[in-house]
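The values are calculated or read from the model by the stated rules, or taken from the named source; none is laboratory data. Remember, it's a predicted structure, so these values are computed and weren't measured experimentally. For neighbour counting, all protein chains shown are included, and Cβ atoms are generated from backbone atoms with ideal geometry for every residue, glycine included. The accessibility values were calculated without ligands, DNA or RNA, using every heavy atom of the protein model including side chains. Shrake-Rupley method; radii C 1.70, N 1.55, O 1.52, S 1.80 Å.
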Amino acid sequence: MTARAPSHALGQRILCGTEYATVRYVGSVPPTAGIWLGVEWDDPQRGKHDGTYEGRQYFKCRHPRGGSFIRPNKANFGVDFLTAVKDRYGLSDEKGVQPGTENTLVFGKKTVEFVGLDSIAQLQRQVQLNQLVDISVRECAVSHAGQKEEISRTCANIRHINLSKNLLSSWETVTAIASQVQNLETLNISENKMKFPSTSTAVFSIFSKLRILALNQTEITWTEVLLCAPGWPALEELYLTSNNITVLERPDNVLQTLKLLDLSDNQLLDGNQLHLIAHLPRLEQLILTNTGISSIHFPDVGFGCKTKMFPSLKFLAIKDNKISQWSSINELDKLPSLRSLQCHNNPFMDTEKNPETLRQLIIAKISQLEVLNKSEILPAVRKGAELDYRKIFGNEWLAAGGNCDPEKNHPSEQFLADHPRYPSLCLKYGAPEEGELKGRQPLTLKNQLLS
């Protein structure tokens with residue numbers, strides 16, 4: 001429990017037992033005596049009101065029952081980073097030599113007395129702390145950096161830090177810790193409800209070597225991401241799941257080194273917003289699970305051409321979304337580098353009850369795909385899928401103006417829009433002849449696809 005004065009508590013994150021909260025008010029609450037903390041609980045079921053007591057509003061809560069008043073001695077304001085590290089790794093000062101043996105060591109049967117053994121034990125702890133490279137202080141109630149330069153003196157070799165689910169209340173606290181870690185490569189500060197800067201924070205030196213950053217469940221917005229991003233000149237992986245990201249903006253001159261971006265569980269207001277992040281030159285993996293997108297479209301080129309958007313994108317996850325039209329799958333064939341796709345749980349998949357046929361259709365529509373829903377596409381599987389697709393829609397092709405004679409082959413614009421890969425499959429395997437299409441009844445699958 002900290003001895004911090006309650007007057008410094010406003011806006012701070014606290015623990016009360018096992019429950020997390022943010023201090024929204026510090027002061028008296030008449031007619032009771034003494035100082036109270038008005039807190040907004042992370043779990044609104046823990047609260048009693050919205051910050052209003054006896055008709056007076058002391059603070060605001062997002063949830064009508066998300067607030068409570070507690071006494072300051074009930075609030076744990078957390079510990080500094082180094083204290084948490086020492087406690088987690090059994091290197092705290094209290095765990096030194098055993099009582100009664102402070103100044104002696106035993107060699108065989110001989111007891112040798114030492115002077116200043118406490119300082120030796122301290123030195124040993126210092127050496128052990130300096131050997132730590134990968135540190136996890138998850139759920140250790142870390143709330144502040146501690147004394148200036150103490151981390152850099154004690155833990156000079158840290159490269160990876162997990163600070164998730166602590167009591168960090170602002171981005172400034174994060175930079176105060178990170179500024180003392182010269183070679184920081186990985187930082188996880190997920191599950192900390194923090195206040196982020198409202199102006200650009202280009203401090204290149206602090207995060208100059210940072211490659212991986214996790215900001216899941218921190219309530220950050222995309223605007224705030226872009227304001228912090230100038231300070232991440234070498235960032236390769238950025239995890240932003242379950243935040244307040246509904247609107248995207250173009251990342252001009254920032255995030256240009258990014259290879260992986262995870263926006264899962266953010267409800268994007270419009271799927272076309274993807275165009276705003278489509279020109280990140282090195283982006284190889286984009287994870288859009290449960291983001292509410294209903295369509296994908298690359299309007300810069302027609303079918304049969306490769307888009308300039310997402311030039312390096314190899315892996316795309318669009319599962320658990322609202323994509324209902326096969327036209328969005330057709331569009332994915334425009335991505336020049338796409339090799340792996342995850343698309344489970346989208347309405348377009350309900351148009352075909354047979355999972356194997358469904359898989360074949362997706363494979364046939366996206367020419368360069370090598371992995372679909374975590375399953376490798378073998379060359380023989382691709383060939384079978386493409387040949388079947390060519391046959392299934394052969395009669396449709398003929399009815400729309402297709403012909404084995406190249407001079408008479410003029411399929412309609414509508415057919416080409418529904419089946420943009422069909423001409424290339426005819427080039428690859430030859431146009432389907434009427435003989436091989438005879439006897440094939442119009443498929444309900446085909447009709448569903450075109451409906």
> Using a 1.4 angstrom probe and counting only protein chains, how large is the accessible area of GLU352 in Å², to 10?
Replying inline: 30 Å²
>> At a 10 angstrom cut-off on C-beta neighbours, averaged per residue, how do the peptides 297-304, 415-422 rank from highest to lowest?
In response: 415-422, 297-304
> For CYS426, what accessible area in Å² do you get when you roll a 1.4 Å probe over the heavy atoms of the protein chains, rounding to the nearest 10?
Replying inline: 20 Å²
> Efficiency by 1/(1 + (r/R0)^6): what FRET value for ASN130 and HIS410, r their Cβ-Cβ distance, R0 = 51 Å, to the nearest 0.05?
Replying inline: 0.10
> What percentages, rounded to whole numbers, describe P(r) for the chain computed over all alpha carbon pairs with 10 Å bin width beginning at zero?
Replying inline: 4, 16, 20, 18, 15, 12, 8, 5, 2, 1, 0
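Hey, what number do you get for the chain at 222 nm if only DSSP H runs of n ≥ 4 count, each worth -39500 (n - 2.57), divided across all residues, to the nearest 500?
-6500 deg cm²/dmol
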> What is the helix-to-structure angle for 379-392, meaning the angle in degrees between its Cα long axis and the longest Cα principal axis of the chain, kept from 0 to 90 and rounded to the nearest 10?
Replying inline: 50 degrees
>> Sort 136-145, 372-381 by packing, meaning the average of other beta carbons within 10 Å per residue, with the highest value first.
In response: 136-145, 372-381
> For the range 192-263, what does the alpha-carbon gyration tensor say about shape, rounded, prolate or oblate, given a ≥ b ≥ c as the root eigenvalues, a/c under 1.5 as rounded, and a/b over b/c as prolate?
Replying inline: rounded
>> Just want to confirm a number: the relative contact order over the range 312-383, from Cα pairs under 8 angstrom separated by 6+ residues, in percent.
In response: 35 percent
> What does the convex hull of the Cα atoms come to per residue for the range 357-407, in Å³?
Replying inline: 90 Å³
> Under unit Cβ charges (Lys, Arg +1; Asp, Glu -1), what dipole magnitude, rounded to 20 debye, does the range 146-239 have relative to its Cα centre?
Replying inline: 160 debye
>> Leaving out ligands, DNA and RNA, and with a 1.4 Å probe, what % of the accessible surface on the range 12-74 is carbon or sulfur?
In response: 50 percent
> Can you give the accessible area of THR175, probe radius 1.4 Å, in Å² rounded to 10?
Replying inline: 30 Å²
> Where a ≥ b ≥ c are the square roots of the eigenvalues of the C-alpha gyration tensor, would you call the range 171-328 rounded, which needs a/c under 1.5, or, failing that, prolate if a/b is larger than b/c, or oblate?
Replying inline: prolate
> Taking only protein heavy atoms and a 1.4 Å probe, what accessible area per residue, in Å², does the chain have with all protein chains in place?
Replying inline: 50 Å²
> For the range 12-74, what is the Kirkwood estimate of the hydrodynamic radius, computed as the reciprocal of the mean inverse distance between distinct Cα atoms, to one decimal in Å?
Replying inline: 11.5 Å
>> Net charge around GLU224, counting only other residues with Cβ within less than 14 Å of its Cβ (Lys, Arg = +1; Asp, Glu = -1)?
In response: -1
> What list of ³J(HN,Hα) couplings, whole Hz, do you get for the range 41-53 from phi and the Karplus terms 6.51, -1.76, 1.60, once you set θ to phi - 60° and write x for glycine and proline?
Replying inline: 6, 5, 9, x, 5, 7, x, 10, 7, 9, x, 9, 9
>> Which residue, TRP36, SER328, GLN285, has the largest displacement toward the positive end of the dipole of the chain when charges sit on each Cβ (Lys, Arg +1; Asp, Glu -1)?
In response: TRP36
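What size of dipole, in debye to the nearest 20, comes out for the chain about its Cα centre when the only charges are +1 on Lys and Arg C-beta atoms and -1 on Asp and Glu C-beta atoms? Intermediate results must be reported in sequence, preceding the final value.
Values: 50 positive and 49 negative charges, 119 e Å.
Value, rounded to 20: 580 debye.
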>> Using Cα-Cα distances under 8 Å and only pairs 6 or more residues apart, what relative contact order does the chain have, in percent?
In response: 7 percent
>> Tell me the Rg and the Dmax, in Å, that the Cα atoms of the range 386-429 produce.
In response: 9.4, 25
> Can you give me the pair-distance distribution of the range 315-359, C-alpha pairs, 10 Å bins, whole percents?
Replying inline: 25, 59, 15, 0
> Using a cut-off of 29 Å between alpha-carbon atoms, which lysines can reach LYS259, once sequence neighbours fewer than 8 places away in the same chain are excluded?
Replying inline: LYS165, LYS193, LYS195, LYS209, LYS306, LYS308, LYS314, LYS319, LYS322, LYS334, LYS365, LYS374
> What are the ³J(HN,Hα) values, in whole Hz, obtained from phi via the Karplus relation 6.51 cos²θ - 1.76 cosθ + 1.60 with θ = phi - 60°, for each residue of the range 160-177 in sequence order, with x given for Gly and Pro?
Replying inline: 10, 10, 10, 10, 6, 6, 10, 10, 6, 10, 8, 5, 4, 5, 4, 5, 5, 6
> Which whole-Hz couplings ³J(HN,Hα) result when phi for each residue of the range 78-83 is put into the Karplus expression 6.51 cos²θ - 1.76 cosθ + 1.60, θ = phi - 60°, listed in order with x for Gly and Pro?
Replying inline: x, 10, 7, 4, 5, 4
